């Protein structure tokens, strides 16, 4: 039903590999409680996609902690059942930090971390837009460029890529490992000065 919100609680790579069109990715960890509070309307019932059916109680508990008590149901058998039924999938590309570095300014690179994280250092040519404000800032993004998204490790970036897909962006990629992988690779970093923050 149109009023229901489809939440895919599988982790980043599983979501990226194939998900139901229109699903919002919020991985099933305790961080789910934080981002549900930022991004969801508690009046709308939730439809859940789980990594496995036995996760249901834990996932529901994470939502309830944030005040979400309206559940429309969950996909029994998860994405295995969906795939076996031959139903359509969407995917999210995965881009390594080495590929991000090679792409340079040809890529619209979004940093969805907090302002404090951004200020402490970020990838050159990145554009800052805090995840909690991404929906309100979509109009400032370039829909004609391929877009890669990073955060600290990839969790928030996966949420952001799903929001971009919902908004009709194409050519969207997540950066697994994100900021941590960039630093571990020894690539250059920049402070906040002279970079565009939204």
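Rule-based calculations on the coordinates, nothing more; no lab input. Please read these numbers as outputs of a predicted model, since none were measured by experiment. We place every Cβ from the backbone using ideal geometry, glycine too, and count neighbours over all the protein chains shown.
A quick yes/no check of all residues on (1) surrounded by 14 or more Cβ atoms within 10 Å (Cβ to Cβ); (2) out of contact with any strand residue (DSSP E or B) (no Cβ under 8 Å at 6 or more places or on another chain); (3) in a strand (DSSP E or B):
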| site | (1), (2), (3) |
| --- | --- |
| 132 | yes, yes, no |
| 138 | yes, yes, no |
| 142 | no, no, no |
| 160 | yes, no, no |
| 163 | yes, no, no |
| 176 | yes, no, no |
| 179 | yes, no, no |
| 183 | yes, yes, no |
| 186 | no, yes, no |
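Scanning segment 70-90 for residues that are in a loop (DSSP other than H, G, I, E, B), surrounded by 12 or more Cβ atoms within 10 Å (Cβ to Cβ) and touching a helix residue (DSSP H, G or I) at 6+ places or on another chain (Cβ under 8 Å) yields 75, 77, 89. Of all the numbered requirements in (1) outside any helix (DSSP H, G or I); (2) exposed (fewer than 14 other Cβ atoms within 10 Å of the Cβ); (3) touching a strand residue (DSSP E or B) at 6+ places or on another chain (Cβ under 9 Å), residue 13 misses one, and that requirement is (1). Quick one: residue 29 ticks every box in (1) within 14 Å of the chain's Cα centre (by Cα); (2) not in a loop (DSSP other than H, G, I, E, B) bar one, so which box is it? It is condition (2) that residue 29 fails. Of all the numbered requirements in (1) surrounded by 14 or more Cβ atoms within 10 Å (Cβ to Cβ); (2) in contact with a strand residue (DSSP E or B) (Cβ under 8 Å, 6 or more places away or on another chain), residue 41 misses one, and that requirement is (1).
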